[in-house]
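Data block below; observations after.
All of the numbers you see were taken from the coordinates with simple rules; none came from a lab. Being a predicted model, the structure only gives us computed values, none of them experimental. Neighbour counts run over all protein chains shown; Cβ positions are idealised from the backbone, glycine included.
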Amino acid sequence: MRLNRLKAGAAAAGLALALTACGSDSGSDVEVASDTDFPAGSTMAEIADAGTMTVGTKFDQPGFGLANLEDVPEGFDVEVAKIIAGAMGIAPEDIEWTETPSDIREQVIEDGDVDMVVATYTINDERKQRITFAGPYYTAGQQLMVASDNDTITGPDDLASNPDAKVCSVTGSTPADQIKEYLTSDDQLVLFDVYEKCADALSTGQVDVVTTDNVILLGLSSEADGEFKLVGEQFTEEPYGIGIAKGDTEFCEFINTTLQENEDAYNEAWASTAGEVEGTEAPTLPEPDECV
């Protein structure tokens, strides 16, 4: 794996891209640059010269990042990563995917184990102390999922009045932290490393509620044959960003520019992945934040 890169500076200048369509294993076609010209020493130049890159993503989230039978992830996050990789001349088959649960995302970036993380990764100030975010490229909202026959829990405010109700989320996630204000004690909160285990626990009655971002819950619910339902309204806003090495503003600006210049590919990526999940709504690509 490549070493961690710490760079700052302006966005790549004089970028000349000759693009060709390249089919991917799933989702939409992506454009792969056949000729690139990046500033020497930049992350983009290093990746383009290597001809491969490593991307951290989730393997357990239908619609965003779910491993298929060949253990290759599919979903919106995966397709967004392919758009960025393609702009550096990296074809989908030359991307190495590594499973990146919530609680190790900053660590794999700091250790240089990945070039970027695209993994339903909420931008927040605490994480910005350790890494740099490009984006946001999508905005979700936290919600609750319960068994279809549960009429007791209709929103987060019902959790305190039902102190025996167990709520499941994932270690190191924003939803796990944000749900605490609605609980009577930390004993109500059950944490796993991946959301798939929360869904399994809800199915077996070990927990009463699963909480995370609504698009993740919709994906899990879509796989459950009517066993689960979402309740209440979303009660947070979760801007998803792309995690890269701290201070690499040049790479950050390149990612933001690439997405803004490939909005059609972004829309196609959504339609062919998360957009197929019942209940989701097509997003508008957000304006990116300043790279810091």
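Values computed for the structure shown
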{"item": "Sequence-distant lysines (8 or more away, or on other chains) whose Cα lies within less than 16 Å of Lys246", "result": "Lys7, Lys128"}
{"item": "Computed FRET value (nearest 0.05) for Ala40 with Glu263, which takes r as the C-beta separation and R₀ as 25 Å", "result": "0.25"}
{"item": "Point-to-point label distance, Phe235-Glu276, nm (Cα→Cβ direction, 7 Å offset)", "result": "3.3 nm"}
{"item": "Chain lengthening between Asp289 and Asp187 when straightened (0.36 nm per residue, less Cα-Cα)", "result": "33.0 nm"}
{"item": "Residues in segment 80-110 that a label on Glu126 would reach, taking backbone N under 20 Å of a point 7 Å out along Cα→Cβ", "result": "100-110"}
{"item": "Net +/- balance of residues flanking Glu278 in space, Cβ distance below 13 Å, scoring K and R +1, D and E -1", "result": "-3"}
{"item": "Candidate aspartates and glutamates for bridging to Lys229, where Cα separation is under 15 Å - those fewer than 8 sequence places away on the same chain excluded", "result": "Asp149, Asp151, Asp200, Asp208, Asp213, Glu278"}
{"item": "Relative contact order (%) - criterion: Cα under 8 Å, at least six apart; region: segment 142-231", "result": "44 percent"}
{"item": "Computed magnitude of the charge dipole of the chain (debye, nearest 20; Cβ of K, R +1, Cβ of D, E -1)", "result": "680 debye"}
{"item": "Projected label distance in nm at Glu93 and Asp225, using a 7 Å step from Cα toward the beta-carbon", "result": "3.7 nm"}
{"item": "Bridge type composition, the chain - antiparallel percent by DSSP, nearest 5", "result": "70 percent"}
{"item": "16 Å Cα-Cα reach of Lys180 towards lysines, excluding residues that sit fewer than 8 places from it in its own chain", "result": "Lys166"}
